[in-house]
Amino acid sequence: MTKTEIRPEAAQLDSIPTPPASLAADAPRDWKAAVLRGLRLRCPNCGEGKLLRSYLKVRDGCETCGQELHHNRADDGPAYLTILIVGHILGFALHIIYISYRPDPLTLALIMSVVTVTASLALLPRMKGLVVAYQWAKRMHGF
């Protein structure tokens, strides 16, 4: 075979159609914008529709852009993140308040318990939004 001859295998490879750009699954998604939208409890795709339908239940899809959201697998991730953040912040706060003011232990325990529960309840849905948005941005679990 000479260099100018075309092999049949090469001719067949040229005839294979390329998929359209709309099907490109490798198009990168901006994970920072998605995570910020998730923290605001908004759709990670458009930022307009609501992410949750109740306290911690993720909607099946966005009512604004139609993005499917039922693929999420947040599981225990939001709870771990909530405990990590609240535990660190209140651990330092407990130490500073006790050293600075020396309150009665019962008063300190009651105040810190109320702050811990309130902060945890406020932070948990936002951590769920963060985890779901990150999964969407990284195309995890079928997104």
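Bear in mind these aren't lab numbers, they're just calculated from the coordinates by the rules spelled out. Remember, it's a predicted structure, so these values are computed and weren't measured experimentally.
Overview of results
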read-out	value
Convex hull (Cα only) mean projected area of the stretch 103-143, reported in nm² to one decimal	3.6 nm²
Cα-derived Rg over Rh, computed across the stretch 30-137 with Rh taken as Kirkwood radius	1.13
In sequence order, calculated HN-Hα J values of the stretch 103-113 (Karplus, 6.51, -1.76, 1.60; Hz; x Gly/Pro)	x, 4, x, 5, 4, 4, 5, 5, 5, 5, 5
Taking the stretch 33-139 and dividing mean pair separation by its residue count, relative contact order in percent (alpha carbons under 8 Å, at least six apart)	41 percent
